[in-house]
Amino acid sequence: QVQLVESGGGLVQTGGSLRLSCAASGRTLRSYAMGWFRQAPGKEREVVAAISWSGGVTYYADSVKGRFTISRDNAKNTMYLQMNSLKPEDTAVYYCAARASGITVVAGQYDFWGQGTQVTVSS
């Protein structure tokens, strides 16, 4: 079993930055692909970014390319999402997820989820 805990969310103005962290416990993430998803009120959960177990392969949604960077530190059992040039449309609850297999952008294919952290971008 893997427990995931997100942190780093908050309120920021348009153009600002935040760094989300996803700390894992219960099992090493060394063999797990991971992803960041978000869900805004009234909308479906959508993929933001994903990363392979080694960090060598990454994926970004078109809406965040060039602004967000996903990374991981397997020694610390932690994944990160650096978010720059934030926009009001980035406002959502952000979730991290892990799966004991290859990278994917499909939420239903992830095995473990965190509880989410709120990101609010004011205009």
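The values are calculated or read from the model by the stated rules, or taken from the named source; none is laboratory data. Predicted, not measured: the structure shown is a model, and the values here were computed from it. With ideal geometry, Cβ positions are generated from the backbone for all residues, glycine too; neighbour counts draw on all protein chains shown. These accessible areas exclude ligands, DNA and RNA; they are computed on the full protein's heavy atoms, side chains included. Shrake-Rupley method; radii C 1.70, N 1.55, O 1.52, S 1.80 Å.
Taking label positions 7 Å along the Cα-Cβ direction at both Thr69 and Glu46, the computed distance is 2.4 nm, reported to one decimal. Remark: the Ala100-Lys87 segment gains 1.4 nm on full extension, using 0.36 nm per residue and subtracting the alpha carbon distance. Surface composition of the chain: carbon plus sulfur atoms contribute 49% of the solvent-accessible area (1.4 Å probe, protein chains only, all chains present).
Along its first, second and third principal axes, ordered by size, the chain spans 39, 27, 24 Å in Cα coordinates. Under 18 Å of direct C-alpha separation, and excluding same-chain neighbours fewer than eight residues apart, Lys87 reaches these lysines: Lys43, Lys65. Annotation: peptides 77-83, 14-20, ranked by per-residue average of other Cβ atoms within 10 Å with the highest first, follow the order 77-83, 14-20.
In this simple spin-label model, placing a label point 7 Å from the Cα along the Cα-to-Cβ direction at both Gln13 and Lys76 gives a separation of 2.8 nm.
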